[in-house]
Amino acid sequence: MGKQAGRSSRLLALYRTMARIRAFEDAAEAASQGGVQVWGMEASATPAKVRGPLHLSTGQEAVAAGVCANLRRSDLLTSTHRGHGHTLAKGADMTRMMCELYGRASGCNGGKGGSMHIADFGVGMLGANGVVAAGIPIATGAAQALKLRGGDAIVACFFGDGAINRGPFLEGLNWAQVYALPVLFVCEDNRIAATTPTRTMTAGEGAAARARALAIEAQEVDGNDVEAVDHAAADMIARVRSGRPALLHAITYRFKGHVSVDPGAYRDPDEVARARQDDPLARTRALLLSFGEAAAAEAVDADAQRELNEALAAAEAAPWPEREAAFEDVMSTGTGQWR
Amino acid sequence: MALTRRMSYAVAAGEALAAAMRLDERVVALGEDLGRGGVFGQYRTRGADGALRPLQQEFGAARVIDTPISEANIMGAAVGMALAGLKPVVEMRVIDFALCGMDELVNQAAKNRYMFGGQGRVPLVARMPIGLWTASAAQHSQSLEAWFAHVPGLVVVCPATPQDNHGLLTAALACGDPVAYLEHKELWGLEGDVDTPLPVPLGKARVVRPGRDLTLVTWSRTLHESLTAAETLAGEGIEVEVIDLRTLWPWDRETVLASCAKTQRLLVAHEAVQVAGFGAEIAASVAEAIGCPVKRLGAPRIPVGYAPTLESQARVGADRIAAAMRAFLQR
């Protein structure tokens, strides 16, 4: 395979992951509308099918795709409240994920977690998390266990730009460096923490600079350029596998509001319009077209849509969890003693 | 086969941990100052030559892990270790410091199994010593066991004797759930006979002293104050049944209710603040189930003061327990 063909085939694989994430996020967003009155929007007569807080990673797909393309199934991953992309990219099944968002018994968490706690331990995805920065200490401990066991598996630890202002960011980075742990920290910087621009709340030069202050190798990358993310992650992960942490600071943009029903009216419309011009999917697609891969890109889109339609149909048809399941998997000790 | 040896409450825990580490290489310990045996000497074991040595000498620094002062990361790393197949024992030094790691214990460890639909388990034991510790003032003296009893997913253990600190730590390590393991700082030096193979199940109270007139439920260090008070009342012709609850969650309703059905009076005594303490839960449960008179005795809702005259106000000692029982029985 020539150099161009190799690049093109790698790019198609990355595009496939991104297209699957985009299809999933768009469908989840649509299914989340309605129900209650929130964020200045009126309630509708039809209840939402995906209920509760739904944090979309639309516009950030290149980060998940580029990093996870360099992970193995045996590697572990911790995620954030905005974790659908990481979960799909790590290899989770889209149907089981959509069933979980619908709260159905066939969801990957049996309907107990929903979007905010989506997880698939079977592919090493140790969970999205409702608490900002909470995945960081967990990632360091998982890496310590992997190191104790031997082998070269690593942990990829995703967090947002808001997380770097929480204590566990400092504690976790220090910890990983002190014990020389195989963790790739990925700061997925969408430039907004909930509804506040992060730069207004962050002193200094950001995630990479803070990592360098602890002598952790760090690199900034255009998080909307999936090839750049892929290459940077490949380089860093090779070193992480040899037993030392690194931090990748991927700068991207969140197309949607904090949650799916948040229209994001607090943002400068020009900024949003500029960001839309830099859509990572559109960029990747344009590159594929320039490689003469238009038909292949079409096929990827069609496959993603087919997979998504199957996931939605399955979720619509799936039963709710049995009420009795509310009392299962609480704990083993004293089972049955609820009061 | 009984293998009874005399040892302190601190060493009993160290011996239990060492035994578990020898049997199961997945058991690890992490916390500040563990390498030199823990600040209270509770990470030491006695060798064949009779000398006490830090566990790290036997198990190495990769399994008995000295950590930075990073309570959130200590607790959070333990969650990650557990998810990746280890059985971590976490040392928080005093429970007051554990408050820096509450997200990791309450939101992460306790919820993990449930919210991820049973995909994982978090078998971690968080040792978070409670209790008054002479002249240690407001931030090194708290008894927060009720907080953890309130959190679904957690086991809560409060050992009162060297035997129980050995047996309950062994049981906690084997149970597979996240455990809030709350030793008492003023019990570290307490010596007692320990039958090391003797199993001490979680969720099983111990009737320490039988009696017919009143049931006194207690745990942790207050057990010893309660026994002194019961002895005093015995001299006044009152027979008190003293129950050491040992495990707050799950708690042994059967034993407590059986005793109260017999005595028709319940007093719960604990060192924690009385308001919203776990004593209220037991008193309410007994009142609902049996309808007998119930009373609580705990600390006033004040922080612990430094000066002896202030600190003593927060102590639930034998005299106060005896007085509460006399008042209850109107004698």
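Here, each number is a calculation from the coordinates, and none is a lab measurement. Everything numeric in this text was worked out from a predicted model, so none of it was measured. Cβ atoms come from the backbone with ideal geometry, glycine included; neighbour counts cover every protein chain shown.
Some observations on this one:
- Karplus-derived 3J(HN,Hα), 6.51/-1.76/1.60, for each residue of the stretch A:143-158, Hz, glycine and proline x: 5, 5, 5, 4, 5, 4, 6, x, x, 10, 5, 10, 10, 9, 10, 8
- Net charge, B:W147 excluded, C-beta distance under 13 Å - Lys, Arg +1, Asp, Glu -1: -3
- Rounded Å value of the spacing that divides the Cα centres of the stretch B:1-79 and the stretch B:288-331: 35
- Radius 15 Å from Cβ of A:T78, net charge of other residues (Lys, Arg +1; Asp, Glu -1): -2
- Altogether, the Stokes-Einstein calculation at 37 °C and 0.692 mPa s, with the Kirkwood radius of the stretch B:149-244 over Cα pairs as Rh, returns a diffusion coefficient of 227 µm²/s.
- Magnitude of the charge dipole for the stretch B:107-240, about its Cα centre and with charges confined to Cβ atoms of Lys, Arg (+1) and Asp, Glu (-1), is about 720 debye.
- Restricting the stretch B:264-317 to trypsin sites (Lys or Arg not before Pro) in coil, as DSSP defines it, with at most 13 other Cβ within 10 Å: B:R301
- Across peptide A:125-137, the average count of Cβ atoms from other chains found within 10 Å of a residue's Cβ is 5.
- For the stretch A:193-250 versus the stretch B:134-200, the gap between their alpha-carbon centres in whole angstrom: 42
- Sites A:A294 and B:M102, calculated FRET efficiency, Cβ-Cβ separation with R0 51 Å, nearest 0.05: 0.40
- The antiparallel fraction among DSSP beta bridges confined to chain A stands at about 15%.
- Using the Karplus relation 6.51 cos²θ - 1.76 cosθ + 1.60 with θ = phi - 60°, the per-residue 3J(HN,Hα) values for the stretch A:179-196 come to 9, 6, 9, x, 10, 9, 7, 10, 8, 8, 8, 9, 6, 9, 9, 6, 10, 10 Hz, with x marking Gly and Pro.
- For the residues of A:145-155, the average number of beta carbons from a partner chain within 10 Å of their own beta carbon is 3.
- Oblate is the label for the stretch B:222-307, because a/c, from the alpha-carbon gyration tensor with a ≥ b ≥ c as root eigenvalues, is 1.5 or above and a/b does not exceed b/c.
- Per-q log10 I(q)/I(0), the stretch A:55-200, q = 0.12, 0.13, 0.17 Å⁻¹ (Debye; single scatterer per alpha-carbon; no solvent): -0.46, -0.54, -0.92
- Reachable lysines from A:K112, criterion Cα separation under 18 angstrom, eight or more residues apart if same chain: A:K49, B:K111
- Gyration tensor (alpha-carbon) shape descriptor, the stretch A:265-316, a/c threshold 1.5: oblate
- Highest mean first, the peptides A:55-64, B:61-70, A:313-322 sorted by other C-beta atoms within 10 Å per residue fall in the order A:55-64, B:61-70, A:313-322.
- This model, with +1 at the C-beta of Lys and Arg and -1 at the C-beta of Asp and Glu, gives chain B a dipole about its Cα centre of some 360 debye.
- Taking chain A and dividing mean pair separation by its residue count, relative contact order in percent (alpha carbons under 8 Å, at least six apart): 23
- Neighbouring partner chain Cβ atoms per residue of A:169-178, average, 10 Å criterion: 4
- Simple spin-label estimate for B:A261 and B:T228 gives 3.5 nm between the two label positions (7 Å along the Cα-to-Cβ direction from each Cα).
- Computed from the Kirkwood radius of its Cα pairs, the Stokes-Einstein diffusion coefficient for the protein assembly as shown at 10 °C and 1.306 mPa s stands at 59 µm²/s.
- Note on A:T46 and A:E324: the extension gain reaches 97.3 nm, defined as 0.36 nm multiplied by sequence separation minus the Cα-Cα distance.
- Computed per residue of chain A from DSSP H runs no shorter than four, each worth -39500 (n - 2.57), the mean residue ellipticity at 222 nm is -13500 deg cm²/dmol.
- Sites matching GluC sites (Glu not before Pro) across the stretch B:21-123 that sit in DSSP coil, with at most 13 neighbouring C-beta atoms within 10 Å: B:E25
- Against the compact-protein benchmark of 2.2 N^0.38 Å, the Cα-based radius of gyration of chain B scales to 0.98.
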